[in-house]
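A quick write-up on the structure given underneath.
The values are calculated or read from the model by the stated rules, or taken from the named source; none is laboratory data. Predicted model only: the values in this text are computed from it and were never measured. Cβ coordinates were reconstructed from backbone atoms using ideal geometry, including for glycine residues, and neighbour counts include every protein chain displayed.
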Amino acid sequence: MRILSPNASEYSILLKDEHREIQKVAREFAENEIAPIADKIDKEDKIPSDIIKKIADLGFLGVPYPPELGGVGADYLSMAIVVEELARISCAVSVIPVAHTLAAMPIYVHGTEEQRKKYLIPLAKGEKVGAHAMTEPAAGSDVAGIKSTARKEGDKWVLNGTKVFCTNGDIAETFLIFARTSPPSKEKRQLGISAFIVERGTKGFTVGKPIGKTGIRGSKSVELLMEDTEIPQENLLGEEGKGFYVAMDCYDHGRIEVAAQGVGVGQAAIESAAKYTAQRIAFGQPLLEFQGPQFMLGEVSAEVNGARFLTYWAATLKDQGKDFSAAASMAKMFATEAGERAALVAIKLGGSAGVATEYPMERFLRDIQVTKIYEGTNDIQRLTLGRMIYKEAKSMLEES
Ligand SMILES: Cc1cc2nc3c(=O)[nH]c(=O)nc-3n(C[C@H](O)[C@H](O)[C@H](O)COP(=O)(O)OP(=O)(O)OC[C@H]3O[C@@H](n4cnc5c(N)ncnc54)[C@H](O)[C@@H]3O)c2cc1C
């Protein structure tokens, strides 16, 4: 049986000098400029605008796009490495490029030449921030259940509806918004959804208040209201009625980035716990000289490194133009749960310090909860993988 298990030759991770270079740049930036304020970002629920500008100036909003479209021209493995390094210091800050990519990448992949010129170039250069709006009050995991509508009137589209949890919505200029252009059919509910590019400031388009939350504080997820919002016909992205596939495409690569967040937070939790237990004296010796803490840290470091391998592997498959969908689902699910276990171990080993808000351990646990939810909850990853396994099992039975 080789269900969901590629040939050994496909288990490669192509780490080159350019990856080590971008890792160094991201790590130094995160350690020098974000670490001193990571706790403040969480407590005050605000990312300073100069940090966002520096992220843009470093090219972190344009990593995977070609230079002629304003990007850095690096690959997806580089993107994963940048996100991991930012998340190791502040998961909230790492969310900015992740949510941005959910608007920019679909424009890169599905956009016309004009759309790429007008919208992707400023996004890839980091002159503008992007945001992605699919989720609605009554439709999250069930994407095909969205109720927002877009109707064609002459050479315009008129949008109506409400979106929630639109991350980066507070700072974004370019929004990728999904709406129904025709009602769902019984056979294929996912058909009839279309993707639209909407600019901040469009009449009838209101960016609402951020939704309060316990994790990734500082990053803002807002409500959006569309009341007869008119946009030009040419702002339809991709084919009319096929927006579901535009979204699924971008969630596939987005999962690699969320997996990288899981790895970054998990790594941070292990480092915090190791440093704490190496200096905390109990019963006459550092806690880390006891076997119990050694076992716990040994286990979670194996898991977080396993998660890193899965994440880099999924990114490498994407960079090689191979099918990376299952790898991205596995990486997202495994890495965010490995990160959660590492955060729990860090809290456990911290004792009272583990739950004290002056230490970062409890923040890691709050942040990692969010990564288990967005870009398809981990239940949805299990469903997706389970369906793929079922399909493969059926074809194996047919062949035998
Ligand atoms: C901080 C944050 C930022 C976000 N940013 C964005 C964004 O930028 N853009 C955007 O469009 N959305 C965004 N989201 C929304 C996110 O994608 C959804 O929250 C997510 O898809 C889950 O949807 P839901 O919250 O409606 O939960 P529901 O779909 O209602 O699910 C509730 C629970 O039921 C489980 N469940 C649902 N269906 C099944 C099933 N078939 N089988 C088994 N279990 C199931 C889920 O796993 C979950 O545990 C964000 C969410 C958060 C928390």
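Here's the yes/no breakdown for (1) of a type in the set (Lys, Arg); (2) out of contact with any Lys or Arg (no Cβ under 9 Å at 6 or more places or on another chain); (3) more than 23 Å from Ala268 (Cβ to Cβ); (4) surrounded by fewer than 19 Cβ atoms within 10 Å (Cβ to Cβ):
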site	(1), (2), (3), (4)
Ala331	no, no, no, no
Ile347	no, yes, no, no
Gly350	no, no, no, no
Arg387	yes, yes, yes, yes
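Checking each residue of segment 128-141 against the condition of being more than 13 Å from the ligand (Cβ to nearest atom), under 25 Å from Asp57 (Cβ atoms) and at pLDDT 95 or above gives at least one match. When Tyr390, Tyr374 are checked against the criterion of being within 16 Å of the ligand (Cβ to nearest atom), modelled with pLDDT of 95 or more and touching a strand residue (DSSP E or B) at 6+ places or on another chain (Cβ under 9 Å), Tyr374 stands alone in meeting it.
Residue check: is Ile197 more than 22 Å from Ile368 (Cβ to Cβ) and either among the hydrophobic types (A, V, I, L, M, F, W, C) or modelled with pLDDT of 95 or more (or both)? For Ile197, the condition - more than 22 Å from Ile368 (Cβ to Cβ) and either among the hydrophobic types (A, V, I, L, M, F, W, C) or modelled with pLDDT of 95 or more (or both) - is met. Could you list, in sequence order, all residues of segment 224-243 that are part of a helix (DSSP H, G or I) and either aliphatic (A, V, I, L, M) or surrounded by 23 or more Cβ atoms within 10 Å (Cβ to Cβ) (or both)? Matches in segment 224-243: Gly243 only. In the condition set (1) under 16 Å from the mean Cα position of the chain (by Cα); (2) farther than 26 Å from Arg363 by Cβ, Gly59 is compliant with all but (1). Within segment 263-270, is there a residue that is surrounded by fewer than 21 Cβ atoms within 10 Å (Cβ to Cβ), away from the ligand (no atom under 13 Å from the Cβ) and among the polar types (S, T, N, Q)? No: zero hits.
Here Lys163 fulfils each of the conditions (1) surrounded by fewer than 21 Cβ atoms within 10 Å (Cβ to Cβ); (2) more than 25 Å from Ser90 (Cβ to Cβ); (3) among the basic types (Lys, Arg) apart from (1). In segment 169-177, the condition of being surrounded by fewer than 18 Cβ atoms within 10 Å (Cβ to Cβ), within 20 Å of the chain's Cα centre (by Cα) and without any contact (Cβ under 8 Å) to a residue 24 or more places away in the chain is met by no residue. Number of residues in segment 65-91 that are within 13 Å of Ile34 (Cα to Cα) and touching a Lys or Arg at 6+ places or on another chain (Cβ under 6 Å) equals 1. A residue that is more than 16 Å from the ligand (Cβ to nearest atom), on the phi < 0 side of the Ramachandran plot and part of a strand (DSSP E or B) cannot be found anywhere in segment 181-198. Looking across segment 203-223 at every residue that is among the hydrophobic types (A, V, I, L, M, F, W, C) and within 11 Å of the ligand (Cβ to nearest atom), the one that is surrounded by the fewest Cβ atoms within 10 Å (Cβ to Cβ) is identified as Ile211. Taking each residue of segment 100-122 that is on the phi > 0 side of the Ramachandran plot and looking for partners that are buried (at least 19 other Cβ atoms within 10 Å of the Cβ) and among the aliphatic types (A, V, I, L, M) with beta-carbon atoms closer than 7 Å, six or more apart or interchain, yields nothing. Those helices (runs of 4 or more DSSP H) of segment 26-114 in which 2 or more residues are among the polar types (S, T, N, Q) occupy 91-110.
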